[in-house]
Amino acid sequence: MFYEWTGRVDKNAKGKRIHQIVQNIDVNDLKKNEEQNIGLVGFECDEGVKRNKGRVGASKAPNEIRKLLASIPYHNGKKSIIDLGNIQCTDNDLEGAQVHLGKVVAKLLENNYIPIILGGGHETFYGHYLGAREAVGNDKKIGMINLDAHFDLRNDDTPSSGTMFRQILETDKNAEYLCIGVQELGNTEQLFLTAKEFGVEYILEKEIEPIENTFRKIDEFAKKQDFIIYTICTDVINQAYAPGVSAPAPLGLEPKVVRAITEHVVMLEDFLSFDVSEVNPTFDVAEKTARLISYVIAETMMNLNKNALQKNSYLPENL
């Protein structure tokens with residue numbers, strides 16, 4: 001079922017708001033774009049959070065984010081936005097839902113849309129990765145940049161919101177991982193050892209600033225990759241600004257730091273796709289968390305379209 005995009009309309013005023021730009025389209029009706037545009041898809045799932053013993057509720061986030069995105073002014077010129085609706089996790093079938101998300105993400109990329117995925121728990125990222133890998137092929141190097149307080153490298157019996165990056169690194173020799181915002185008090189000694197074992201690059205939360213050093217590390221990481229896929233786990237943000245998450249962070253990042261890092265990543269030459277995860281409306285306060293993320297997404301849309309002017313396609317055959 002599609003979200004009904006509505007919002008404020010300014011009469012006799014120049015410019016539009018996001019809800020006036022978005023078009024709902026069935027994934028089966030996608031056609032190849034000559035120019036890059038943006039494709040939204042929601043992932044109504046927090047089964048992975050449940051398995052990881054976190055606070056459930058993130059499955060409600062995609063439509064909550066849309067609601068707050070709707071009336072934000074749109075400054076992207078003639079670029080359009082399509083919305084493919086939400087993928088749901090039914091009967092606790094996390095793995096099936098992730099595969100479904102992957103197919104949709106791949107189809108967006110293959111038709112020259114830039115995917116923005118609205119999670120969902122951070123298990124969203126595994127489906128995101130599956131789609132990127134299917135679209136670009138197995139021989140291309142994918143660099144995964146995760147803005148997160150946690151490594152998500154757990155070695156659990158079943159996949160969850162805490163296992164995705166280990167799952168990927170164990171099976172994909174052409175995937176590399178950079179985690180930004182790691183909290184020492186949010187990860188056990190074993191997780192740091194696991195990060196070392198898999199060659200994970202990371203930047204501790206307390207080492208992000210000066211921000212120029214972080215930008216330099218991002219650039220060095222990106223130069224080694226063919227493509228960059230990016231994920232924000234909202235629990236990286238200080239809980240004063242983002243209380244509505246599975247695992248609140250009292251010493252998390254300031255919003256302007258998240259904004260700066262996100263802008264830098266999405267402007268990378270080989271940037272491919274983006275997801276936001278772990279917004280949890282059940283525990284939000286006055287829509288703080290969802291509103292903050294909606295603004296991050298709106299700015300990302302502007303920056304993605306600036307970046308798109310520099311190239312014609314993300315499709316492998318155009319490389």
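Worth a mention:
- Count of residues meeting criterion [surrounded by 19 or more Cβ atoms within 10 Å (Cβ to Cβ) and in a helix (DSSP H, G or I)] in segment 220-233: 2
- GLN167 meets the stated requirement of being touching a Pro at 6+ places or on another chain (Cβ under 9 Å) and either more than 11 Å from HIS150 (Cα to Cα) or touching a residue at least 40 places away in the same chain (Cβ under 8 Å) (or both).
- Unique match (being within 24 Å of GLU287 (Cβ to Cβ), touching a Cys at 6+ places or on another chain (Cβ under 8 Å) and surrounded by fewer than 22 Cβ atoms within 10 Å (Cβ to Cβ)) among GLN20, GLN88: GLN88
- In segment 196-205, the residues that are without any contact (Cβ under 8 Å) to a residue 40 or more places away in the chain, surrounded by 11 or more Cβ atoms within 10 Å (Cβ to Cβ) and not β-branched (Val, Ile, Thr): GLU197, GLU201, LEU204
- Among the residues of segment 167-219, those that are polar (S, T, N, Q) and part of a helix (DSSP H, G or I) comprise GLN167, THR171, GLN190, THR194, ASN213, THR214.
- Residue within segment 150-161 that is of a type in the set (Val, Ile, Thr), farther than 30 Å from ASN24 by Cβ and without any contact (Cβ under 8 Å) to a residue 60 or more places away in the chain present: no
- Count of segment 263-319 residues which are among the aliphatic types (A, V, I, L, M) and modelled with pLDDT of 95 or more: 15
- The set of residues in segment 51-85 being in contact (Cβ under 8 Å) with a residue 12 or more places away in the chain, over 30 Å from ASP10 (Cβ atoms) and either more than 16 Å from the chain's Cα centre (by Cα) or surrounded by fewer than 20 Cβ atoms within 10 Å (Cβ to Cβ) (or both) consists of ARG51, ASN52, GLY54, ARG55, VAL56, GLY57.
- Of everything in segment 132-166 that is polar (S, T, N, Q) and in a loop (DSSP other than H, G, I, E, B), the residue that is surrounded by the most Cβ atoms within 10 Å (Cβ to Cβ) is SER161.
- Applying the criterion of being of a type in the set (Val, Ile, Thr), without any contact (Cβ under 8 Å) to a residue 60 or more places away in the chain and assigned to a helix (DSSP H, G or I) to the residues of segment 259-298, the residue that is nearest to ILE38 (Cα to Cα) is VAL266.
- The set of residues in segment 220-238 being free of Cβ contacts under 8 Å to residues at least 24 places away in the same chain and within 19 Å of the chain's Cα centre (by Cα) consists of ASN238 alone.
For every residue, the table says whether it meets (1) over 16 Å from VAL276 (Cα atoms); (2) in contact with a Lys or Arg (Cβ under 7 Å, 6 or more places away or on another chain); (3) in a helix (DSSP H, G or I).
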{"site": "GLY48", "(1), (2), (3)": "no, no, yes"}
{"site": "ARG55", "(1), (2), (3)": "yes, no, no"}
{"site": "ILE65", "(1), (2), (3)": "no, no, yes"}
{"site": "VAL99", "(1), (2), (3)": "yes, no, yes"}
{"site": "LYS107", "(1), (2), (3)": "yes, no, yes"}
{"site": "ILE117", "(1), (2), (3)": "no, no, no"}
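- Subset of segment 91-119 [aliphatic (A, V, I, L, M) and either touching a residue at least 40 places away in the same chain (Cβ under 8 Å) or on the phi > 0 side of the Ramachandran plot (or both)]: LEU94, ALA97, LEU101, VAL104, VAL105, LEU108, LEU109, ILE114, ILE116, ILE117, LEU118
- Of all positions in segment 115-125, at least one carries a residue that is buried (at least 20 other Cβ atoms within 10 Å of the Cβ) and over 26 Å from GLY252 (Cα atoms).
- Condition check for LEU178: surrounded by fewer than 17 Cβ atoms within 10 Å (Cβ to Cβ) and touching an Asp or Glu at 6+ places or on another chain (Cβ under 8 Å): no
- Here segment 67-85 is the region considered, the condition is being part of a loop (DSSP other than H, G, I, E, B) and either of a type in the set (Gly, Ala, Ser) or in contact with a Cys (Cβ under 6 Å, 6 or more places away or on another chain) (or both), and the residue that is nearest to MET1 (Cα to Cα) is ALA70.
- Residues that are hydrophobic (A, V, I, L, M, F, W, C), surrounded by fewer than 16 Cβ atoms within 10 Å (Cβ to Cβ) and touching a residue at least 12 places away in the same chain (Cβ under 8 Å) within segment 181-195 comprise just one, LEU185.
The values are calculated or read from the model by the stated rules, or taken from the named source; none is laboratory data. Keep in mind that what you see is a predicted model, and the values were worked out from it rather than measured. FYI the Cβ positions are ideal-geometry reconstructions off the backbone, even for glycines, and counts take in every protein chain you see.
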